[in-house]
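Written out below as structure tokens is the structure these notes cover.
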């Protein structure tokens, strides 16, 4: 089942004295926050739509001024809260690129039909993404998300076909 909402960041602190919040972004490009007028704020298990009044950047973090949060004390109440967007509002992805949320949990098979495990995590190594695949025994395989390795991603069938280069198995 496809995720209805995507986490795009987490509030980690307040910033300044006027209620701005500091956000660790989960997106590949923090400038995407400038395009947002509203965002979903998850607090105590509920999602609330909030209006973004201002977006700034500091190092690799996003600074947001959210309407209705006007003091340090109010901003502090949201520390640890996640920011989300609805899937329908997410940018359309280029061909052969996927949302991480759609890849987590997919079964991974070698091009010889052998089940290698499931995608447990994905992280970026700088050069490319790395798929962390774990088998039933808990053994991990790290697969670089490159053309020579990732042969087919089938979201509908919930599986990925890979070619294991020497040294990956």
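Some notes on this structure:
- Evaluating residue 109 against the criteria (1) in contact (Cβ under 8 Å) with a residue 60 or more places away in the chain; (2) outside the structural domain of residue 27 (by TED's automatic domain parsing) leaves one unmet condition, (1).
- Flag if residue 59 is free of Cβ contacts under 8 Å to residues at least 12 places away in the same chain and within 23 Å of residue 9 (Cα to Cα): yes
- Residue match in region 78-89 (condition: in the same structural domain as residue 50 (by TED's automatic domain parsing) and touching a helix residue (DSSP H, G or I) at 6+ places or on another chain (Cβ under 8 Å)): no
- Hits in region 80-101 (condition: out of contact with any strand residue (DSSP E or B) (no Cβ under 7 Å at 6 or more places or on another chain) and within 18 Å of residue 128 (Cα to Cα)): 93, 94, 95, 96, 97
- With respect to being within 30 Å of residue 159 (Cα to Cα) and either more than 15 Å from the chain's Cα centre (by Cα) or touching a residue at least 12 places away in the same chain (Cβ under 8 Å) (or both), residue 73 falls outside the description.
- Residue within region 6-18 that is outside any strand (DSSP E or B), surrounded by 18 or more Cβ atoms within 10 Å (Cβ to Cβ), in contact with a strand residue (DSSP E or B) (Cβ under 6 Å, 6 or more places away or on another chain) and in contact (Cβ under 8 Å) with a residue 24 or more places away in the chain present: no
- Residue match in region 43-60 (condition: under 30 Å from residue 143 (Cβ atoms), under 15 Å from the mean Cα position of the chain (by Cα) and not assigned by TED's automatic domain parsing to the domain that holds residue 130): no
The values are calculated or read from the model by the stated rules, or taken from the named source; none is laboratory data. Remember, predicted model here, so these are calculated numbers, not experimental data. When we count neighbours, we look across all protein chains shown, and the Cβ atoms used for this are built from the backbone with ideal geometry, even at glycine.
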